[in-house]
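The values are calculated or read from the model by the stated rules, or taken from the named source; none is laboratory data. Bear in mind that the values here come from a model prediction, so they are computed numbers and not experimental data. Heads up, the Cβs are rebuilt from the backbone with ideal geometry, glycines too, and the neighbour counts pull from every protein chain shown.
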Amino acid sequence: MNSVGQPLQQRPLTTRLILAGIIGLIVFIMFQIAPQLLGGTSESDTTPISKNEAREQAAVFAAKQLGHPESTGEKWAVSYRTDSSFYGYMSREKLLDQYSKKKLDQRYPFDVFHAVLHAPGQAIPILSVDLNMYTGKVVGFGRGEHSGFSTGTETTSATALSSKSAASEPELSLEQKENLARPWLQSWGANPSKLQIQADSDNYGLVYTDSSVKVGESQLQYRFKFQQEQVSYFRAGFSAPAWHISYVKDQTSMATWVTGLGYGIPTLALGILALIYSILRRGHTSFKRGIFLSAAHFVIMLVSTYNMLPEASGDSLQSRLTGLITLIFYIFYSLLMSLMLYFSLVGGNGLWRKEEGLNPWPRAKEPGYGRYVLDSMRAGYVWAFILLGVQTIMFIILSFTLHNWSTTDASQSPYNMRYAWLLPIVAWLAGLSEEAIYRLFGIRMVKKIVRNTFLASLITTLVWAFGHTLYPIYPISSRPIELTVIGLLFSYIFLRYGFIAVMFSHVVFDSILMGATLIFMKESVNISAGIVTIVLPFIVGYIVYRFNPPRKVEQAEPVNPLV
């Protein structure tokens, strides 16, 4: 970082640092990108169908097989669903390759498009159809109150409704259930006489087990539920063992506590302190600074939130009210986070100027600003490559020591976003807000208490790392360990190169990961968006440089160093 009042000049990139960046990028490509590219060369198609195709296929199946032609006013809503428990079990036990080689993923996919049909003004759907998201083949369905069920999942409301309905309807005999289930088993190519039958007493259902088809400890099952003397739910597939489900539940509960106590409370404290020190150090900073970035953050966060909200599944009063309450909550949350960003920028800038005499966040009117931003952007890319390599090495180390594994998460999937190509804007949110809160303000604030820069960096890094424990990576301890290393490197970049450089490094780091995700979705618009995402930080840095061309210092007009 430059001293206050000194001409802006970014640290030059050494040959050793550039070489480390190249090596980091190569490691990242070899161990994270190449396996996914090679894994996509199998005989099965890995390009998902569109949601419109899913709607069409579901409508055809509903008309031909379920006897429900689509009527005027009825609406299909399509979402991505995943059996994260079973996928996680296979990931943990290294069974994914076996599942794919046997082509079980085609007949019994853990990833599906869940198409739900709603009547106008009705909260409970008419029916649902699950489709293989790559082939479009129907793999399950539900009617009425069982429409909330999907691959490996049940919605709470659907479970409660089905239990209530089951209690109010007369119980079918086992023979009646078998007669209703037999045509569906035969259409699936299964021989009922070779299957073991088990009654589902909770929901008056029926489960057929094929012990000859196994994945680890899990056996192939055909699950049925019944309502109004017809099959109301059918699904064929596998389920994770009870011990695995219990383990994930315990880990998730622990992650919730860690996130709340280790991340939520300390972050709230930092936000309050940022407000206080913005006022206390107002003589060394300016409240005009940070307004543009905070406003941009608020707008981007609203767009990102809207993009991630699930597609409306009905136009009932209940659905509309739920959507409105959700929207109001996220608007308030976005405003709160943007205010925290604003005071972290103002307070952090004032603390470093007052306490250290350093200029961590130069203003646009300072001589050399354009060149400084351009050089910071270059440093950001090089360090992002290094960070990608370090993260990859951390994954390898943790896989051999903690045997960590990950699973799918529909709530974070771009397939459930309105526009998947908007996913990378999250990179700018993280790069701006997290570096402002935990590095620009956090390090100097905590240093006032612990009197040590490394210890302050470690504490703020741990708080930041604990905020990522709810990601579907297990054991949950592996994520904070990985991010503590990454966070300490972010702290080093900030202390050595300043806020703009560390912001760029964080944005580029996330943009490459998210851009790669879009490219792997193999749709032209997403591939284009992924490429643009990766080069966008360079474009932004260059635009700032062009609008702030180098000027001779003696020709520069005197400016207020605080504005």
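Evaluate region 526-540: report whether one residue or more is modelled with pLDDT of 95 or more and part of a loop (DSSP other than H, G, I, E, B).
no
Could you count how many residues in region 209-242 are more than 18 Å from R182 (Cβ to Cβ) and either out of contact with any strand residue (DSSP E or B) (no Cβ under 9 Å at 6 or more places or on another chain) or in a strand (DSSP E or B) (or both)?
Final tally of qualifying residues: 11.
For region 120-139, how many residues are farther than 22 Å from S413 by Cβ and touching a residue at least 60 places away in the same chain (Cβ under 8 Å)?
5
Could you grab me the full set of residues in region 508-525 that are among the aromatic types (F, W, Y) and at pLDDT below 95?
Residue satisfying the conditions is F520 alone.
Residue-wise test of (1) in contact (Cβ under 8 Å) with a residue 24 or more places away in the chain; (2) aliphatic (A, V, I, L, M); (3) out of contact with any Pro (no Cβ under 6 Å at 6 or more places or on another chain).
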{"position": "T209", "(1), (2), (3)": "no, no, yes"}
{"position": "R223", "(1), (2), (3)": "no, no, yes"}
{"position": "I245", "(1), (2), (3)": "yes, yes, yes"}
{"position": "S253", "(1), (2), (3)": "no, no, yes"}
{"position": "G262", "(1), (2), (3)": "yes, no, yes"}
{"position": "S278", "(1), (2), (3)": "yes, no, yes"}
{"position": "G290", "(1), (2), (3)": "yes, no, yes"}
{"position": "T305", "(1), (2), (3)": "yes, no, yes"}
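If you check E74 against the conditions, is it among the charged types (D, E, K, R), free of Cβ contacts under 8 Å to residues at least 60 places away in the same chain and farther than 30 Å from Y497 by Cβ?
Numbers: among the charged types (D, E, K, R): yes; free of Cβ contacts under 8 Å to residues at least 60 places away in the same chain: yes; farther than 30 Å from Y497 by Cβ: yes.
Here the answer is yes, as E74 does meet what is asked.
Go through region 62-86 and report how many residues are modelled with pLDDT under 90 and among the polar types (S, T, N, Q).
The number of residues fulfilling the criteria is 2.
Condition first: at pLDDT 90 or above and of a type in the set (S, T, Y). Now tell me which residues in region 188-225 satisfy that.
Y208, T209, S211, S212, S218, Y222, listed by residue number.
What are the residues in region 244-269 that are over 14 Å from P480 (Cβ atoms) and aliphatic (A, V, I, L, M), if any?
Hits for region 244-269 are I245, V248, I265, L268, A269.
Looking at region 4-21 only, could you name the residues that are farther than 15 Å from Y381 by Cα and surrounded by 11 or more Cβ atoms within 10 Å (Cβ to Cβ)?
V4, Q6, P7, L8, Q9
Mind listing whichever residues of region 389-426 are of a type in the set (F, W, Y), surrounded by fewer than 19 Cβ atoms within 10 Å (Cβ to Cβ) and part of a helix (DSSP H, G or I)?
F395, F400, Y415
Failed condition for L206, given (1) surrounded by 15 or more Cβ atoms within 10 Å (Cβ to Cβ); (2) out of contact with any Asp or Glu (no Cβ under 7 Å at 6 or more places or on another chain); (3) not in a loop (DSSP other than H, G, I, E, B), with all others met?
Condition not satisfied by L206: (2).
Pairs needed: first member in region 336-362, farther than 20 Å from T305 by Cβ; second member anywhere, assigned to a helix (DSSP H, G or I) and of a type in the set (D, E, K, R); C-beta distance under 7 Å; at least 6 residues apart or different chains.
Cβ pairs passing all conditions: G348/R444; G350/R282; L351/R444; W352/R444; E355/R444; N359/R353.
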